[in-house]
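Quick notes on the structure that follows.
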Amino acid sequence: MADCINYGGISTNLPVNIKYFKEELFDNIFSKKGKSQPIDEIVSATVDSKIHSVKLLNTPVRTSNEGKKLTGKKLLVELTLSYNIKYTTNSLEKYLYILKNDVTKIIYIVVPKEIDDNDIDDFLRKKKIQIQSYINDLYVEKRNEDNVYVRTLMLLNANVKS
């Protein structure tokens, strides 16, 4: 059976020439709550992201296990991914149900200690660091009549304005 799911919330205009970013892949399994009807077919899936807070952390200066140079500074970004998954049941009426779920995530973005001889702490204090979130991809699959598997690929971009 072909994937006939209508996806929403996927970003169409990704940024170019980005410097400070993190791409993350999230896997989740969502379960129906209570005694709602069994999942027959997934009709649509949407995701929206909301950033709650951004903090600057001091970390060790070294090379990571992946070979990335760690500068001693990271942005800690707390965000929530809100999912709405519409599905039908295997009944004669074919009612439409919505499975809603919010997932809070924390993502770290490595940033330099200084940019153009200015301390990165000053940029954050002066609110000159803007975090943009982009959903690169979304995939949803029915696992059984009670559970849905969701995979989300997300890009967070830290835009520093001089």
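Laboratory data are not the source of any read-out in this text; all were calculated from the coordinates shown. Keep in mind the model is a prediction, meaning the values are calculated, not measured. Every residue, glycine as well, gets a Cβ built from its backbone with ideal geometry; the counts of neighbours run over all protein chains shown.
Annotation: amide H of D137 within the under-5 Å range of L153, sequence separation 5 or more or interchain, hydrogens built in the peptide plane.
Can you give the relative contact order of region 9-86 as a percent, counting alpha carbon pairs under 8 Å and 6+ residues apart?
32
In summary, the lysines within cross-link reach of K35, defined as a Cα separation below 24 angstrom excluding same-chain residues under 8 places away, comprise K86, K94, K100, K142. Since only S31, N84, P60 are under comparison, the one whose Cα sits farthest along the positive direction of the charge dipole of the chain, derived from C-beta charges on Lys, Arg, Asp and Glu, is P60. The Cα trace of region 1-65 gives Rg and Dmax of 18.7, 53 Å, the first to one decimal, the second as a whole number.
Quick one: of K68/K161; K73/K128; K105/K126, which pairs are farther than 18 Å apart, Cα to Cα? Could you put the intermediate results ahead of the total?
Details: K68/K161 24 Å; K73/K128 16 Å; K105/K126 25 Å.
Correct reply: K68/K161; K105/K126.
Run the helix sum for the chain: -39,500 (n - 2.57) per DSSP H stretch of 4+ residues, divided by residue count, reported at 222 nm to the nearest 500 deg cm²/dmol.
On the way: 1 runs with 6 residues, N = 162.
Rounded to the nearest 500, it is -1000 deg cm²/dmol.
For region 1-93, the share of DSSP beta bridges that are antiparallel, to the nearest 5, is 85%. Global size of region 20-162: 19.7, 68 Å for Rg and Dmax (C-alpha atoms, Rg to one decimal, Dmax whole).
Projecting label points 7 angstrom from Cα along Cα→Cβ for L153 and E23 puts them 0.7 nm apart. Translational diffusion of region 95-137, estimated by Stokes-Einstein from the Kirkwood radius over alpha carbon pairs at 10 °C in a medium of 1.306 mPa s, is 112 µm² per second. Relative contact order of the chain, taken over Cα pairs closer than 8 Å and 6 or more residues apart, is 30 percent.
By the Stokes-Einstein formula, at 0.890 mPa s and 25 °C, region 53-121 with its Kirkwood radius over alpha-carbon pairs has D equal to 157 µm²/s. Residues in region 104-111 carry Karplus couplings, in order, of 8, 10, 10, 10, 10, 10, 6, 10 Hz; the curve used is 6.51 cos²θ - 1.76 cosθ + 1.60 with θ = phi - 60°, and Gly or Pro positions show x. For region 110-154 versus region 30-79, the inter-centroid distance based on Cα atoms is 7 Å.
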